[in-house]
Amino acid sequence: MSVKLVSMPRWAVYTIFAAGALLILLCCLCICIKCCCRGKKKKRQQKKDEKINLKGVNGKTTAALVQPDVGDVDYGTTKKPRGKLLYSLEYNATASELMVGIKQANSLKAMDLGGSSDPYVKVYIIPDKNKTCETKVFRNTLSPAFNEQFSFQISKASLLKSTAVMQVFDFNRFSKHNIIGELRVQLGNVDWNHVIEEWQDLAEPAKFEEENLGEICFSLRYVPTAGKLTVVILEAKNLKSMDVGGASDPYVKVQLTLDKRKWKKRKTSIKKKTLNPYYNESFTFDVSFEQIQRVNLVISVWDYDTMTRNDAMGKIFLGCDAAGNQLRHWADMLSNPRRPVAQWHSLLSAQQVNSTLVLKKKLPLPTKLPF
C-alpha cells in the first residue's frame, strides 16, 4: 500500500512561518515588559527607603536635613570667580575728603573671545552719587595695575551712611561695556583711624540702584593743519522714556567750552516718539591747535516738549579734563589726525557731569567807552 504525500500550498507555508515569527516576537516583548516593571518597582522601593520621617526628628537637628555633607555638594554648579581687586580708603576729616585708591586687580574673568579682557574701574559713592570717576583702560590683560586715586568731598555724617562702589568693566569700543564684577564697601563699618588697603573678591553686580539713561554713539575727527573739529552724532539707544506714552522726542546738543566757559554750540534735528533715534548728522567747528588743548566737548540728549520746558535725558563730556573712556576717546582722536574715531558712551546724569565739569560764568561784555 503506497502513501501519497499531499503537498501544502505555498501561501499556507508562509502563513505558518509568519505565525511562528509573531509568537516569538510576543514572547520577547513580554519578557522586556516584565524586566522593566521589576526595575521600576526596585527604584520605587529605594526612594521609599530614603524618605525621612520628620515626625521623629528633634527641632535642634533640623539643620542636618537641609545642609548636605561636604561630599554631597555639587561643585560643578558653583559660580565662576570674577577676580580680585586691591583698593585703599583714607578719610581726611579736616578737609572732609575721602580718598579711594584703585591699586590693581588679579585673575579677572575673561570677557573677550581671545580669553582676555580690557578692564577699567568705575568708582562712585551712594546714595548721593554726584560724582563718578573712572580709571584708564588696560588692554588684553586679566591682572591690570591701575595705581590711581580719586577724591570725593563728603562730610563725616554723610560718610557713615554711605557706600563706596567699585565696578570693574570690560571696555568695548562699538558695543555696551560688560561689567565683570563689583565691590560695595559700607563706609560706616570702616575704622578710619588708619588707612585701609585690602584685597577683596569681586561679587556679582547688584541689579538695583543703577539708573540706565541710555547710550550714544558719535565720531570725532580733528585736522590740526586746518584747525577743524568734526563731530558726527550717529545714533542713540535705550534712552529714558520721558513722555506719558512711553517714548520721547530726543535731540542732541553739541557744545564746546573753552577754558571752562561756554563757547560754541549746535544741535541735531528732533526725532519723534522713539528711544532709539538715528541721526548721522555732522557738525564742524573751527578750533586751532592751540585751542584744542583747552577745549571740552559736551554732548547732551534732550526731550523736546511743545508746551513745556525741554527735559535733559543724559549728558557726557570729553576733553583734556575728562577721565576714563571719555578721555581715551579724546586722546584717540588727537593721536589719529584726519581720521574719524567712533565710540559708544553711556549717558550720565546732568548732575554728575556738572559736578565734574564746573563751568565759569560768562565774562561781561565790555561797554563802549564814550568819545
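Worth pointing out:
- Which listed residue is over 20 Å from Gln343 (Cα atoms) and outside any loop (DSSP other than H, G, I, E, B), from Lys265, Lys272: Lys265
- Taking segment 101-127 as the range and being touching a strand residue (DSSP E or B) at 6+ places or on another chain (Cβ under 9 Å), in a loop (DSSP other than H, G, I, E, B) and open to solvent by 50 Å² or more (accessible area, probe 1.4 Å) as the test, the residues that pass are Ser107, Lys109, Met111, Pro127.
- Selection from segment 154-170 of residues that are surrounded by fewer than 20 Cβ atoms within 10 Å (Cβ to Cβ) and in contact (Cβ under 8 Å) with a residue 60 or more places away in the chain: Lys156, Leu159
- One residue stands out among those in segment 134-146 that are modelled with pLDDT of 95 or more and assigned to a strand (DSSP E or B): the one that is farthest from the chain's Cα centre (by Cα), which is Ala145.
- Failed item, numbered, when Trp263 is tested on (1) of a type outside the set (D, E, K, R); (2) over 24 Å from Thr132 (Cα atoms); (3) crowded, with 20+ Cβ neighbours inside 10 Å: (3)
- Complete set of residues in segment 221-230 that are surrounded by fewer than 19 Cβ atoms within 10 Å (Cβ to Cβ) and within 31 Å of the chain's Cα centre (by Cα): Thr230
- Residue that is farthest from Trp344 (Cα to Cα), among those in segment 277-320 that are in contact with a Pro (Cβ under 9 Å, 6 or more places away or on another chain) and open to solvent by less than 10 Å² (accessible area, probe 1.4 Å): Ile292
- Per the conditions (1) open to solvent by less than 20 Å² (accessible area, probe 1.4 Å); (2) modelled with pLDDT under 90, the sole criterion not satisfied by Phe218 is (2).
- With respect to the conditions (1) touching a residue at least 12 places away in the same chain (Cβ under 8 Å); (2) surrounded by fewer than 19 Cβ atoms within 10 Å (Cβ to Cβ), Gly246 falls short on a single one, namely (1).
The values are calculated or read from the model by the stated rules, or taken from the named source; none is laboratory data. Remember, predicted model here, so these are calculated numbers, not experimental data. Cβ atoms come from the backbone with ideal geometry, glycine included; neighbour counts cover every protein chain shown. Calculation scope for accessible area: heavy atoms of the full protein, side chains included, ligands and nucleic acids excluded. Shrake-Rupley method; radii C 1.70, N 1.55, O 1.52, S 1.80 Å.
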